[in-house]
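The values are calculated or read from the model by the stated rules, or taken from the named source; none is laboratory data. Keep in mind that this is a model prediction, so the values were computed, not measured. Every residue, glycine as well, gets a Cβ built from its backbone with ideal geometry; the counts of neighbours run over all protein chains shown. With ligands, DNA and RNA removed, areas are computed over all heavy atoms of the protein, side chains included. Shrake-Rupley method; radii C 1.70, N 1.55, O 1.52, S 1.80 Å.
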Amino acid sequence: MALKKLLTILFVLVICQSYSFAQNQIEKDIEEKNKAKAAKAKADSIKKALQNAKPKKNETKGLYSNVPITPGVGSGNKGDNTVPNSKTYDPTYFLREENNILGEAPAPKKDSSAAIDTMAFSKRFLSVKTDASREVQQGAITDKSFLASLKSSTINPKDKRFPLYRYKKHKLKLKTFGWHPYWLQDAYKNYNFSLLSAVAFHAYFLDPTNGSYTDPKPIKEWKDTKMIDEAQKRKTKVLLSVYNNGADNNKAFLNNPAARTNFITIILALLKERKANGVHIEFDGLGSGEKQAFTDFILDLSSQLRKSIKNSWLTVSLPPINFNDAYDVRALDKYVDLFILSAGEFYGRQTTGKAGPLSVVKSGSNWWDYDLDRGIDEYLASGVTAEKLLLTINYYGAEWKTDALKPPAKSLGFEKYMTYSQVKKFLGKAEGYEDPESMSMFYPYKDANGYHQIWYEDSLSLSKKYDWVISKKIGGVGIWALGFDNGNAQLWEVLASKMAEPLPKPSVGGGGGKVNTRGVFTRIRSTMMRLIRNPKGALQNPSYFASMLILLLGPAFAGFYVIYRHGCRLRRTMNLLLKGGIIMFLLMAFALTTLVLTRFKHTTPIILILGGFVVGAIVFLLLTRRSLSEREMP
């Protein structure tokens, strides 16, 4: 008798689990299809907007020369795309007008003399974390609305547009690394730490003369911030980012044994104070003369770090180009856990000639020949383990004044750096255009001062960059910088969709084999209520129909079992088997109907129904084998 009860309980649990799995699968399929449709629609709209079609003559009269068009004029909000006289701002108009004026002239050929400007790139690259970082910081601090949003979480946890971002447990498929600038303070409240393998607190600004730090503010914030506690709760590794800039500073520090020893002592004390996991090293502008000294320093730091902290991480930033062969990456690979490939300032404040993307995946016909694709290949060929190499993704952009709207355009002056949040605020409801070669977004506009271009990243360009990273089979991505997207969940959503997958929700009581009964009954109730409120939904939305089939599967088996065991005056076994055949026929009919309604797309529920029937039949035979062997029914 006890065995029968146990088998009955197991049977009910299997039915509940089958329903929960099927419902999750249906929702996942629908969500993926909606995302694919949205991405395709956006890509199609951008493609159409960039087509070089000539405007009609009556469309261009007076608009181009007589009406200055500025984003937000007349509305008080930038990016609303409204202007005086109710004229709609259309950036593609200027592209068409330029093509009309130029007579559809072919794109100019790339200037081969300036194709490889490695030395110039080396000089301007040093501003990635200094001038550029300082400008982004100052611009964000002067933006009062940006500062206000840092005080608390700005994402509505019930916002159903971002289901993957709101999900707090993910299984990462690749590594994700993000910097948290000290001055962003409470921006961490919008981070989903389950989507981060490691977060680096930026920064310990190194004093090359003695190994200590030059700015005490970041260190004070390191000791006080609750960001570290939140990251550790989610099992995200916490690193302290150390930054040194310039060939002279690097040479002074690396050739000073006392400064190196003092630095290791201080950094280990800071890590132990917050129970952190490791150090990130970023020495921009490293000279070839310090190649061996830097390798020895990393070896020494790695040895001391692993002796002091269990399961510690040591990570190192690399420039897009190994300038002057300054990094012995083959030797470093033995002691470094991750290499973060910087990907900024391909075009920036110090760029002369063109306005363009901050990072260039492939140069194509518009951008200088050295790109990230070539950079990654060269580092891999030099001895970097592919799984250790991560590509930095920029959460900030830049604006230029240009001589034209269509890229590549001549730069008439660099204007400013902008965080992703500031770019979104400026654009409002307007959308940018994709540059397919660099895999970046740009937004051209015209105001009273002339033409402008903003180059930045958004969910579309990042989605393609992530796909490209996956295709290169490297370790993952780094993000400069977390918090620059403050108040916008789109970038987290695309990160989750490409780099991770949600983990199953925990079962009731935390037991490994238990079924989340609360979740099952909640789904059953919601499915029934949706069907009651909208009966036509079963025909209009096949997922309702499939859910109801699975919902009725359990009661059908339970009723069949009760009738057989306690219907003593019913027909004998053959009669009951006949009834079972009828039920099987009805289930097959329902299954076939569902397949037709869903155009053979939702096969999982059908498999579960038929599988459930087979399991139920086996349990049925096990529980009633004694009665079936008797001549007369009890």
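Please verify whether region 394-404 includes one or more residues that are of a type in the set (A, V, I, L, M, F, W, C), under 21 Å from LEU341 (Cβ atoms) and outside any loop (DSSP other than H, G, I, E, B). Yes; the residues of region 394-404 include at least one that is of a type in the set (A, V, I, L, M, F, W, C), under 21 Å from LEU341 (Cβ atoms) and outside any loop (DSSP other than H, G, I, E, B).
Do you know which of the residues in region 387-404 that are closer than 25 Å to VAL199 by Cα and more than 18 Å from the chain's Cα centre (by Cα) is surrounded by the fewest Cβ atoms within 10 Å (Cβ to Cβ)?
GLU387
Only a single item in (1) open to solvent by less than 10 Å² (accessible area, probe 1.4 Å); (2) out of contact with any helix residue (DSSP H, G or I) (no Cβ under 6 Å at 6 or more places or on another chain); (3) farther than 17 Å from GLY278 by Cα is not met by LYS217, and it is number (1). VAL384 passes every criterion in (1) part of a loop (DSSP other than H, G, I, E, B); (2) in contact with a helix residue (DSSP H, G or I) (Cβ under 8 Å, 6 or more places away or on another chain); (3) open to solvent by 20 Å² or more (accessible area, probe 1.4 Å) apart from (3). Residues in region 260-313 that are of a type in the set (A, V, I, L, M), in contact with a strand residue (DSSP E or B) (Cβ under 8 Å, 6 or more places away or on another chain) and part of a helix (DSSP H, G or I): ILE266, ILE267, LEU270, LEU271, ILE298, LEU301, LEU305.
Taking the listed residues TYR191, TYR213, the one that is over 27 Å from VAL469 (Cβ atoms) and among the aromatic types (Phe, Trp, Tyr) is TYR213, with no other qualifying.
Here is the figure for region 176-211: residues that are assigned to a loop (DSSP other than H, G, I, E, B) and in contact with a helix residue (DSSP H, G or I) (Cβ under 6 Å, 6 or more places away or on another chain) total 4. Checked against (1) assigned to a loop (DSSP other than H, G, I, E, B); (2) at pLDDT below 90; (3) under 20 Å from the mean Cα position of the chain (by Cα), GLU501 passes all but condition (1).
Looking only at residues of region 487-498 that are open to solvent by 10 Å² or more (accessible area, probe 1.4 Å) and part of a loop (DSSP other than H, G, I, E, B), we find that the one that is modelled with the lowest pLDDT is GLY487.
Could you please give the count of residues in region 349-360 that are of a type outside the set (S, T, N, Q) and buried (at least 23 other Cβ atoms within 10 Å of the Cβ)?
Within region 349-360, residues that are of a type outside the set (S, T, N, Q) and buried (at least 23 other Cβ atoms within 10 Å of the Cβ) number 5.
Name the single residue, out of those in region 405-435 being in contact with a helix residue (DSSP H, G or I) (Cβ under 6 Å, 6 or more places away or on another chain) and assigned to a loop (DSSP other than H, G, I, E, B), that is least open to solvent (accessible area, probe 1.4 Å). Per the stated criteria, the residue is LEU405. Only one of the numbered conditions (1) touching a helix residue (DSSP H, G or I) at 6+ places or on another chain (Cβ under 6 Å); (2) surrounded by fewer than 19 Cβ atoms within 10 Å (Cβ to Cβ) is violated by THR261, and that is (1).
Restricting the first member to region 194-210 and to residues that are closer than 17 Å to ILE281 by Cα, and the second to residues that are open to solvent by 20 Å² or more (accessible area, probe 1.4 Å) and in a loop (DSSP other than H, G, I, E, B), the beta-carbon pairs closer than 6 Å and six or more apart or on different chains are PHE205/THR214; PHE205/ASP215; ASP207/THR214. Of the residues ASP373, ASP377, ASP369, the single one that is surrounded by fewer than 21 Cβ atoms within 10 Å (Cβ to Cβ) and either assigned to a loop (DSSP other than H, G, I, E, B) or among the β-branched types (Val, Ile, Thr) (or both) is ASP369. Scanning region 314-333 for residues that are at pLDDT 95 or above and either closer than 30 Å to PRO357 by Cβ or in a loop (DSSP other than H, G, I, E, B) (or both) turns up THR315, VAL316, SER317, LEU318, TYR327, ASP328, VAL329, LEU332, ASP333.
Per the listing SER461, SER363, the residue uniquely assigned to a loop (DSSP other than H, G, I, E, B), under 28 Å from the mean Cα position of the chain (by Cα) and among the hydroxyl-bearing types (Ser, Thr, Tyr) is SER363.
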